[in-house]
Amino acid sequence: MKTRAAVAVAAGKPLEIMEVNLDGPHDGEVLIEIKATGICHTDEFTLSGADPEGIFPAILGHEGAGVVVDVGKGVTTVKKGDHVIPLYTPECRQCPSCLSRKTNLCTAIRATQGQGVMPDGTSRFSIGKDKIFHYMGCSTFSNFTVLPEIAVAKVDPAAPFDKICYIGCGVTTGIGAVLNTAKVEEGATAAVFGLGGIGLNVIQGLKLAGADMIIGVDLNDDKKAWGERFGLTHFVNPKKVDNVVQAIVEMTRRGADQIGGADYTFDCTGNVTVMRQALECSHRGWGQSIVIGVAGAGQEISTRPFQLVTGRSWRGTAFGGARGRTDVPKIVDWYMNGKIEIDPMITHTLRLEDINKGFDLMHAGESIRSVVVY
């Protein structure tokens, strides 16, 4: 069949809208009509050329929602007409990682996914005889796409596509980092570095967890009001203080003789300098610092070992520790029940033809999330 897609032809170049060929689903695969897709910083990261796994030409996009159009042999968990969210972190429920219950990082299709192909080693996308690679196993910048059954979450059919697509990455990553990875408890203090599409959802997660003090850190003062919409209690612009680490330590000091520091800190920037700051403003003895942002190829983090010896811990999280087929439908239900908000964060709605404008808005800091509606 033919499908319209925004193709990343090369690193650093704008996406090109074109008609491409799409093969139908093979055994264990699902054909989905994508109804809406978010534009995430990770897509920009790959398009920029900084992603060590970036392959071109490819169809990017990993934050989508749509309808099952067809299924291959052996598919039992979804059927034609089901509303679904594609999962860049699948859940096979059979590999050693899934069975361990210690991680959400399913390894069933990791090798081929990183190579931009389906589990059988081939691509479903092409132009003539030329192969086009898949991206993060999703490729939601195409109106139609094919995914393995284990990378599809069935969700409430009443949920609006142009809102729940955001649950495919940003919402789940931010809220999950709080609830699944850090396991923040009621009354905790926290600092969130970077108040973009992920950071605002971390704040939303902290409010859900009952954190008392939620400090937002961002170079853009306009983000203060955004943070306050979702539960922010304090704001720091690093350019306006002498030392952002010391500023947060002082803010969290509970009494004249008390040691300051946030119980939990979250880096949502991908900046390795900020990652160090986030660790070092966490509380001595028990502070946890969660790395969410993705740094560029070859970059490394550093700190004095003393920071860790004195009880702080550095942790990472992917997809908020969520198990896709199990947890994503629950988060959609939270949205439908009013437990979490998404609508205010969808700041721009675009046509596929205008998808590059979404990247421009992101670069200019003018959007929280742009969504393309097919």
Taking the conditions exactly as written (in a loop (DSSP other than H, G, I, E, B), over 19 Å from the mean Cα position of the chain (by Cα) and not aliphatic (A, V, I, L, M)), does residue 253 satisfy them or not? yes
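Do you know which of the residues in segment 149-174 that are β-branched (Val, Ile, Thr) and under 10 Å from the mean Cα position of the chain (by Cα) is surrounded by the most Cβ atoms within 10 Å (Cβ to Cβ)? It would help to see each step written out before you state the result.
In the first step, residues of segment 149-174 are kept if they are β-branched (Val, Ile, Thr); the result is 150, 152, 155, 164, 167, 171-173.
Those left that are additionally under 10 Å from the mean Cα position of the chain (by Cα): 167, 171-173.
Values: 167: 29, 171: 33, 172: 29, 173: 28.
Top of the filtered list is 171.
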Here's a check for you: in segment 347-374, which residue that is crowded, with 20+ Cβ neighbours inside 10 Å, at pLDDT below 95 and not in a helix (DSSP H, G or I) is farthest from the chain's Cα centre (by Cα)? 367
If the Cβ limit is 9 Å and pairs must be 6+ apart or interchain, which residue in segment 1-16 that is outside any strand (DSSP E or B) pairs with which residue that is among the polar types (S, T, N, Q)? 1/21; 11/46; 11/48; 12/48; 14/356; 15/356
If you go through segment 219-241, how many residues are in contact (Cβ under 8 Å) with a residue 40 or more places away in the chain and of a type in the set (S, T, N, Q)? 1
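Scan segment 131-151 and give yes if some residue there is in a loop (DSSP other than H, G, I, E, B), of a type in the set (Lys, Arg) and free of Cβ contacts under 8 Å to residues at least 24 places away in the same chain, otherwise no. It would help to see each step written out before you state the result.
Filtering segment 131-151 down to residues in a loop (DSSP other than H, G, I, E, B) leaves 134-141, 143.
From what is left, the residues that are of a type in the set (Lys, Arg) are none.
No, that holds for no residue.
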Quick check on my filter: what residues within segment 58-74 are surrounded by fewer than 19 Cβ atoms within 10 Å (Cβ to Cβ) and in contact (Cβ under 8 Å) with a residue 40 or more places away in the chain? 69, 70, 72, 73, 74
So, in segment 112-135, of the ones that are within 20 Å of the chain's Cα centre (by Cα) and within 23 Å of residue 353 (Cβ to Cβ), which residue ends up surrounded by the most Cβ atoms within 10 Å (Cβ to Cβ)? 135
Could you tell me how many of the residues in segment 25-57 are open to solvent by 40 Å² or more (accessible area, probe 1.4 Å) and of a type in the set (Gly, Ala, Ser)? 2
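Any idea which residue in segment 259-278 is farthest from residue 189 (Cα to Cα), counting only those that are part of a strand (DSSP E or B) and hydrophobic (A, V, I, L, M, F, W, C)? Walk me through how you get there before you give the answer.
Applying the first criterion (part of a strand (DSSP E or B)) to segment 259-278 yields 262, 264-267.
Applying the additional criterion that residues be hydrophobic (A, V, I, L, M, F, W, C) yields 262, 266.
Working: 262: 5, 266: 12 Å.
Filtering first and then ranking leaves 266.
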Tell me yes or no: at least one residue of segment 195-208 is open to solvent by 10 Å² or more (accessible area, probe 1.4 Å), touching a helix residue (DSSP H, G or I) at 6+ places or on another chain (Cβ under 7 Å) and of a type in the set (Val, Ile, Thr). yes
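Does at least one position in segment 334-346 carry a residue that is open to solvent by less than 40 Å² (accessible area, probe 1.4 Å) and within 27 Å of residue 7 (Cα to Cα)? Can you show your working first?
Narrowing segment 334-346 to residues open to solvent by less than 40 Å² (accessible area, probe 1.4 Å): 335, 340, 342, 344-346.
Next, from what is left, pick out any that are within 27 Å of residue 7 (Cα to Cα): 345-346.
Looking through segment 334-346, at least one residue is open to solvent by less than 40 Å² (accessible area, probe 1.4 Å) and within 27 Å of residue 7 (Cα to Cα).
Of everything in segment 78-111 that's outside any loop (DSSP other than H, G, I, E, B) and out of contact with any strand residue (DSSP E or B) (no Cβ under 8 Å at 6 or more places or on another chain), which residue is surrounded by the most Cβ atoms within 10 Å (Cβ to Cβ)? Give the steps one after another, and end with the answer.
Let us first name the residues in segment 78-111 that are outside any loop (DSSP other than H, G, I, E, B), namely 83-86, 96-100, 110-111.
Then keep just the ones that are out of contact with any strand residue (DSSP E or B) (no Cβ under 8 Å at 6 or more places or on another chain); that gives 96-100, 110-111.
Details: 96: 11, 97: 17, 98: 20, 99: 10, 100: 9, 110: 15, 111: 11.
So, considering only residues that are outside any loop (DSSP other than H, G, I, E, B) and out of contact with any strand residue (DSSP E or B) (no Cβ under 8 Å at 6 or more places or on another chain), the one surrounded by the most Cβ atoms within 10 Å (Cβ to Cβ) is 98.
Give segment 241-250 a look and list any residue that's assigned to a helix (DSSP H, G or I) and surrounded by fewer than 17 Cβ atoms within 10 Å (Cβ to Cβ), or say none.
246, 250
Being at pLDDT 95 or above and touching a Gly at 6+ places or on another chain (Cβ under 6 Å) is true for just one of 81, 66, 74, 121. Which residue is that? Working first, answer last.
Working: 81 fails: touching a Gly at 6+ places or on another chain (Cβ under 6 Å); 66 fails: touching a Gly at 6+ places or on another chain (Cβ under 6 Å); 121 fails: touching a Gly at 6+ places or on another chain (Cβ under 6 Å).
Selected residue: 74, the only one of 81, 66, 74, 121 that is at pLDDT 95 or above and touching a Gly at 6+ places or on another chain (Cβ under 6 Å).
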Could you please find all residues in segment 1-13 being in contact with a strand residue (DSSP E or B) (Cβ under 9 Å, 6 or more places away or on another chain) and of a type outside the set (A, V, I, L, M, F, W, C)? 2, 3, 4
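The values are calculated or read from the model by the stated rules, or taken from the named source; none is laboratory data. Please read these numbers as outputs of a predicted model, since none were measured by experiment. Glycine gets a Cβ as well: all are built from the backbone with ideal geometry, and neighbour counts include every protein chain shown. The area values use the complete protein model at the heavy-atom level, side chains included, leaving out ligands, DNA and RNA. Shrake-Rupley method; radii C 1.70, N 1.55, O 1.52, S 1.80 Å.
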